[in-house]
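Student: What follows is a structure written as C-alpha cells; I'll ask about it next.
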Amino acid sequence: MKISRNPRNYISTSSYKPFSGVSCSQILLTFFYLAVLAGAIYCLFFSSFFEIDKIEISGTSLIEKTEFLSKVQSYKKKNLLLLNTSQIKLKLVKDYPEIDTLVISKELPSILKVKVYEREPTLVWRYMDSDYLLDQDGYVIRKDKPDSFKDYLVIQDQRNKAISNEKQVISKKFIDFSKTINSELKKKKLIAKNNFLTGNSEFELVVQTENFKILFNIIRDPSEQVKALEKIYSKISKEAKEYIDLRVPGKVFYK
C-alpha cells in the first residue's frame, strides 16, 4: 500500500527577512516633526507673538485721522497673519465715501499699516441750504457744513436739482470750465466779489457780481470769453444793470 503525504511549503532562506520593528531613531524623528508642527500651530493660532499691537494710519486729510483710527482700533490684538484685509477695505470704503483707494499691509510680527488715498475735492455744490463737496468728476464726496469748505470754489445750483450720492451731480466739463473762469477772473482782477451760479441749462455758467450777472457758455473756450470781457469791461461795466452776455461768439450783449 502506497502512503502519500501532503506537500510541505518551503520558504527560501535566501529571500526571507524577519520583521525587525521600528527603530528608535525613527520614533524620535516622528516626535520631533510632531513637536515642530504643534509649535507652529500654537504660534499661529494661540500665541501673542503675531497679535496686532500697533496700527499706523497715513494719507488722511479730508478724513479726521483720530476718528478713522478709532474705527480700526477694533483690529488690535487680532492675529496679523490671519487678518482678512479685503473685508477691512470693503467696510472702511463703505463707511468713508472720501476714500478712493486703501492699501493695507502687514509688517511682521505685529504692525498693521493703512494707507489712505482720498478722492480729490474740487469745488462745493450748494443745493438749497446744503453744501456738498464734489470730486473732479462731479460726484459727491460728502455733505458738510459751509465753514468746512472755505478754500473751494462754491457754485449755487439755481435749478434745484435733487442730489444723489451715487449719481453725477454736474459734468466734468462744467467743473473744469468753472475753475478756469474763476482763475482767469482772479488773475485779471476784473471782479472783486462774485458768486458762481448755474444757468438755465447745464451749458451755461452765471457769475453774479454786485451789480449784474455775467453769462458764459461752457461750450466755448473760457479764456476767449474772459478776454472778450476784459476788452469791454471798463466801458460797459458802469452801464450794465442786469447782465453782460458772452455766450455768442464774436458778440457781447449787455443790459
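Rule-based calculations on the coordinates, nothing more; no lab input. What you see is a predicted model; the values in this text were computed from it and never measured. Counting neighbours? That spans all protein chains shown, and the Cβs are built from the backbone with ideal geometry, glycine included.
Student: State, as an integer percentage, the relative contact order of region 25-118 based on alpha-carbon contacts under 8 Å between residues 6 or more apart.
Tutor: In percent, rounded to a whole number, it is 35.
Student: Sticking with this structure for a sec: Could you list log10 I(q)/I(0) for region 121-254 at q = 0.20 Å⁻¹, which the Debye formula gives when each Cα is one point scatterer?
Tutor: The computed values of log10 I(q)/I(0) come out as -1.17.
Student: Can you put K89, K231 in order of Cβ neighbours within 10 angstrom, beginning with the fewest?
Tutor: Ranking K89, K231 by Cβ neighbours within 10 Å, fewest first, gives K231, K89.
Student: Also: Restricting everything to alpha-carbon atoms, can you work out Rg to Rh for region 115-188 with a Kirkwood hydrodynamic radius?
Tutor: Expressed as Rg/Rh, it is 0.96.
Student: Neighbouring Cβ atoms within 10 Å as the yardstick, rank I52, I155 fewest first.
Tutor: With the fewest neighbours first, I52, I155 line up as I52, I155.
Student: Taking the Cα centroid of region 61-79 and of region 178-255, what is the distance between the two, rounded to the nearest whole Å?
Tutor: 47 Å
Student: Counting other beta carbons within 10 Å of each residue's own, what order do R119, R220 fall into, fewest first?
Tutor: R220, R119
Student: Report the local net charge at L92: Lys and Arg +1, Asp and Glu -1, summed over other residues whose C-beta lies under 14 Å from its C-beta.
Tutor: It works out to a net charge of +2.
Student: Another question, if that's okay. What percent of all Cα-Cα pairs in region 25-118 falls into each 10 Å bin, going from 0 up to the bin containing the maximum distance?
Tutor: Pairs per bin, as whole percents: 15, 40, 21, 12, 8, 4, 0.
Student: Kindly rank 91-103, 170-182, 61-73 from highest to lowest mean number of other beta carbons found within 10 Å of each residue.
Tutor: 170-182, 91-103, 61-73
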